[in-house]
Amino acid sequence: MELQEKIPVPVFAAVDREVFLRNIYPQRRPAVLRGVSLGPCLEKWTVDYLGEKGGDKEVKIHVSTVPQMDFLHKNFAYKTLPFNEFVRRASEKKHSDFFLCEDESYYLRSLGEDVRKEPAELSKQFPGLAEDFHTPDFFEPEQFFSSVFRISSCGLQLWTHYDVMDNLLAQVTGTKRVVLYSPQDALHLYLSGDKSEVLDIDAPDLKRFPKFVRAKRYECVLEPGDLLFIPALWFHNTLALQFGVGVNIFWRHLPADSYDKKDPYGNKDPVAATRALQALERALHTLDELPAEYRDFYGRRMIQRIQKRTYCDGKIDAEQNSTLPSSPFTKPG
């Protein structure tokens with residue numbers, strides 16, 4: 001069977017706010033942005049400097065015996081370390097101090113002070129380091145949702161998933177491969193919630209996941225100083241080619257009341273989408289009252305109506321193809 005079609009993510013240089021909002025943002029497609037000022041973090045954030053500035057603040061981390069972390073089957077353990085000790089270990093390939101094995105992999109996704117209520121914010125969790133990082137002004141301040149500190153061991157690969165908010169992934173140190181899939185390929189990704197069941201995207205089990213080859217694979221390698229724009233609902237899978245430090249900035253692309261207010265991670269489906277999925281479950285339970293051939297017939301009719309009402313068929317709405325309206329919000333594609 002043929003391999004997935006691979007499409008390079010376009011690279012844009014010298015991008016400022018005006019260029020981003022006029023030429024890139026309305027297209028609702030991933031883009032690598034080069035030459036955007038991220039501040040002195042690019043020069044300062046060495047392992048020693050990070051440890052000194054971050055200090056011995058305790059952080060909750062993922063630790064795994066294998067570099068390919070799998071959230072669906074939880075093949076990792078949650079552990080706690082002082083931040084400076086975590087950075088030291090994450091930068092090593094072999095460990096003299098370890099939890100599971102001497103070549104274990106580490107991953108930090110920073111959390112809010114109250115992990116059940118507060119989104120992560122670099123300026124609150126790591127104020128000394130936040131001074132070195134300049135957040136691009138590509139969205140309105142009131143749209144800001146979170147700034148997530150991410151640190152990965154070399155070789156660490158994270159599961160394929162989507163987020164419901166637009167975000168910028170800033171690569172500060174190290175290099176990272178990112179593979180992305182369009183929301184329109186969702187039916188080829190074998191979803192379980194917001195995550196794909198296809199764990200090895202480079203050598204997938206095509207007997208279990210035969211439709212996976214139909215998904216178009218967008219790919220890029222982020223160098224220090226690069227920004228990757230990931231529009232809401234685009235699936236992404238990251239592989240740290242080196243020990244790497246980055247910052248993920250999320251903002252509300254839809255009106256604020258579209259999102260679940262009890263969602264500190266920003267990955268719960270929009271409120272209206274949740275209601276629609278719940279209504280669908282109720283409709284399917286109602287169909288269970290019918291014999292099999294009737295369920296099949298009316299199920300197909302339901303699919304046809306959903307396709308007619310919702311599918312974009314690869315076309316971008318005129319609204320998306322224009323510049324941003326007076327309101328900063330546009331409809332996701």
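Highest mean first, the peptides 296-306, 14-24 sorted by other C-beta atoms within 10 Å per residue fall in the order 14-24, 296-306.
Counting only heavy atoms of protein chains, what accessible area per residue, in Å², does the stretch 83-181 have with a probe of 1.4 Å?
Spelled out: the 1.4 Å probe surface of the stretch 83-181, per residue, equals 37 Å².
Is any residue of the stretch 83-105 close enough, with backbone N under 16 Å, to a label point placed 7 angstrom from the Cα of Asn267 along the Cα-Cβ axis, and if so, which? Inside the label zone: nothing. Its convex hull of Cα atoms gives the chain a direction-averaged projected area, equal to a quarter of the hull surface, of 18.6 nm².
Peptides 159-171, 136-148, 88-100 ranked from most to least packed, by the mean per-residue count of other Cβ atoms within 10 Å: 159-171, 136-148, 88-100. For Lys93, the lysines whose Cα falls under 17 Å of its own Cα, not counting residues fewer than eight places away in the same chain, are Lys176.
In terms of the ratio Rg/(2.2 N^0.38 Å) built on C-alpha atoms, what value belongs to the stretch 271-310? In units of the globular-protein estimate, the stretch 271-310 measures up at 1.24.
Extents of the stretch 179-276, largest first, come to 40, 37, 18 Å (Cα atoms, principal axes, whole angstrom). Students often forget the sequence filter, so: which lysines lie under 21 Å Cα-Cα from Lys57 once same-chain residues fewer than 8 apart are removed? Answer for Lys57, where 21 Å is the Cα cut-off: Lys44, Lys79, Lys117, Lys124, listed by chain and number.
A convex hull fitted to the Cα coordinates of the stretch 1-143 yields 188 cubic angstrom per residue.
Could you tell me the calculated FRET efficiency between Ser192 and Ile7, based on Cβ-Cβ distance and R0 = 41 angstrom, to the nearest 0.05?
On the way: r = 25 Å, r/R0 = 0.62.
After rounding to 0.05, the efficiency reads 0.95.
A straight chain from Gln278 to Lys211 at 0.36 nm per residue would run longer than the Cα-Cα distance by 21.5 nm.
Carbon-plus-sulfur accessible fraction, the chain (probe radius 1.4 Å, protein heavy atoms only): 52%.
The values are calculated or read from the model by the stated rules, or taken from the named source; none is laboratory data. As the structure is a computational prediction, the values presented were derived from the model and not from experiment. Quick reminder, even Gly has a Cβ in these numbers, built from the backbone with ideal geometry, and neighbours come from all protein chains shown. When the accessible area is computed, the model is the full protein with side chains, heavy atoms only, and any ligands, DNA or RNA have been set aside. Shrake-Rupley method; radii C 1.70, N 1.55, O 1.52, S 1.80 Å.
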